[in-house]
Amino acid sequence: MFCPHCGASVKDGDAFCSSCGKALNSVSGGNAPASGAASAGNASPKKSIGDIPTIWVVVAIVAIAAALYFLWPGGDDASDADSGTVQTPTTVQQPAASSQPATASSEPKSPLTMFVSQVDNSAYPQVTLYTKIADQAGSTPSGLDASQFTVTETDSSGSQYAATVEQVVPLAVGDAMNINLVVDQSGSMRARSKMDSAKKAASSFVDEMVKTQGNVAEITSFNDYVYNRQPFTSSAALLNSAIDAVSPTGETALYDALYWALQRTNLKSGSRVVIAFTDGEENGSNCSLNDVITLSQQTGIPVYIVGVGGDVNRSSLQSLASSCNGAYYDAASDDLAQALRQIYQSIYDDQRSMCRVVFTSTCPGSTSATRTVLLSCSDSGPFAGQISHTYVPVTSISSYDTSVSSQDYVLPGSASKYYSRSELEKMSLWELYLARNEIFARHGRGFKNQDLTDYFATKRWYTQTYTPEEFDAISSSQLNDYELKNVQTMYEIEQSRNSPYLETAE
């Protein structure tokens, strides 16, 4: 029997409970306390299973079975539908601390910041995206591999096409890098020796740049006109000669100069960039701001701009550089040479830190319409991140637009006057070479040098009549005394300055 007060088991005949010490009421035989015994205390009487109606026992068993069915690993898939047999539950094993490293898909992804600086479409359908890929520390992570990235192109109709990424590699020594350095030579650059400081900075920059194999530069200057001071070369002597020859005068045709530089730089393949500086406000161009932005976006070539002093339209230049996928920098007039050197080096270092992401387009759409390319980290790779960029697969950009070019002749009077040695010595080695051959071009001579061919092809007055060999055989009878004397003087100056062009086929 049980105590009606605390439910403890007691012996038949005991007067008091050995557990709670309270008096026991007499009960009729049985193993449970009387149903009304709880009224004598606060505790409720406990029942044995035998006192629970059979129906409730059945309900409890069914409920427990249902709970086990749904909570057991494998859930409602635990039974085999065909055989009716129950599959053995599988326990998920957690890897021990000493187990093999987890796969990339089970590890947290490393976030990457990506930025497409430029697009080289010169070998389309193969396309190269020059892309900044940086980890949280700002460095290019080691171990990048093409299999870790995917490319999707979206054409103008919205259709998407996947392309296989063939290569993801950081720029290395020997990779082509083409820099067009655009120099403001407007009259305002005379103030506070700004022109001298700018020349020192430009010379220092090109000296360092051409030390790296694969790097070439072109010098473009501008005032009212645009001057191709030196075509692309890796020769520090030629580049410095072009920089030294710049003299400040005239207005500021910045947009024309940028348009020209973009056209010229578009002729090159590999990494390409235009870097310009100006100290004044645009006031002399035939091209518009939108012309420059459109050409930059079509060619995929970024434009970086440095504003010198306090007279520049900072917001306008910032907007222009940003729209051309470049950046804007301020350079104070005080210690301008040092400021420009640091800016040039910063831009150069940033471009050299890019990776070449190469893929072959599978998009069948128009090659003259704008496309959007999405570069993403692969789901199976260790990195997370993506970037989109628009580009035009094939651009029909001429090498020069004569509306923004320099005057028709380097030496307009070379056939009718004698130029003094002092006048000619102010010219760069390229200008001397050009002016000397300009005399021959007036008589219809053809040229072997591609730079000369490209240049004279833009002149409305030029028509090739003779091959180089044919003209050289009769040149003495074709040139007048002024032309002969001017050719001789220029040649002597080129010799005295060890011009590399003297060893170049003309």
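Things to note:
- Segment 111-134: number of residues that are charged (D, E, K, R) and modelled with pLDDT of 95 or more: 1
- The selection criterion, being of a type in the set (Ser, Thr, Tyr), surrounded by 19 or more Cβ atoms within 10 Å (Cβ to Cβ), closer than 21 Å to LEU267 by Cα and touching a Lys or Arg at 6+ places or on another chain (Cβ under 7 Å), holds for TYR391.
- Hits in segment 231-266 - residues which are touching an Asp or Glu at 6+ places or on another chain (Cβ under 7 Å), buried (at least 22 other Cβ atoms within 10 Å of the Cβ) and closer than 23 Å to SER193 by Cα: ALA245, THR252, ALA253, LEU254
- Output for segment 455-466, where each listed residue is free of Cβ contacts under 8 Å to residues at least 60 places away in the same chain and either surrounded by 14 or more Cβ atoms within 10 Å (Cβ to Cβ) or part of a helix (DSSP H, G or I) (or both): PHE456, THR458, LYS459, TYR462, GLN464, TYR466
- Cβ separations smaller than 8 Å between residues 6+ apart or across chains give the following pairs from segment 481-501 residues that are free of Cβ contacts under 8 Å to residues at least 60 places away in the same chain and among the aliphatic types (A, V, I, L, M) to residues that are in a helix (DSSP H, G or I) and buried (at least 16 other Cβ atoms within 10 Å of the Cβ): VAL487/ARG436; VAL487/ILE439.
- Unique match (being under 26 Å from ASN178 (Cα atoms) and in a loop (DSSP other than H, G, I, E, B)) among ILE301, ILE275, ILE293, ILE305: ILE301
- Yes/no for THR370 being of a type in the set (Val, Ile, Thr) and at pLDDT below 95: yes
- The C-beta contact set for segment 209-236 (first residue within 15 Å of TYR344 (Cα to Cα), second residue surrounded by fewer than 17 Cβ atoms within 10 Å (Cβ to Cβ) and at pLDDT 95 or above, distance under 6 angstrom, 6+ apart or interchain) comprises VAL210/SER234; VAL210/ALA236; VAL216/SER234.
- Looking only at residues of segment 231-247 that are modelled with pLDDT of 95 or more and among the polar types (S, T, N, Q), we find that the one that is nearest to ASP451 (Cα to Cα) is THR233.
- All positions within segment 317-355 that are of a type in the set (Gly, Ala, Ser) and either under 30 Å from THR128 (Cβ atoms) or at pLDDT 95 or above (or both): SER319, ALA321, SER322, SER323, GLY326, ALA327, SER346, SER353
- Count of segment 478-506 residues, restricted to those that are part of a helix (DSSP H, G or I) and more than 20 Å from TYR418 (Cβ to Cβ), is 4.
- Residues that are crowded, with 16+ Cβ neighbours inside 10 Å, within 22 Å of the chain's Cα centre (by Cα) and small (Gly, Ala, Ser), drawn from segment 278-337: SER296, GLY300, ALA321, SER323, GLY326, ALA327
- Search result, residues across segment 142-197 that are part of a strand (DSSP E or B), surrounded by fewer than 20 Cβ atoms within 10 Å (Cβ to Cβ) and touching a Lys or Arg at 6+ places or on another chain (Cβ under 6 Å): VAL169
- Exclusive hit being out of contact with any Ser or Thr (no Cβ under 7 Å at 6 or more places or on another chain), more than 25 Å from GLN263 (Cα to Cα) and at pLDDT 95 or above, set LYS417, LYS426: LYS417
The values are calculated or read from the model by the stated rules, or taken from the named source; none is laboratory data. Predicted model only: the values in this text are computed from it and were never measured. Here Cβ is always computed from backbone atoms with ideal geometry, including for glycine, and neighbour counts include all displayed protein chains.
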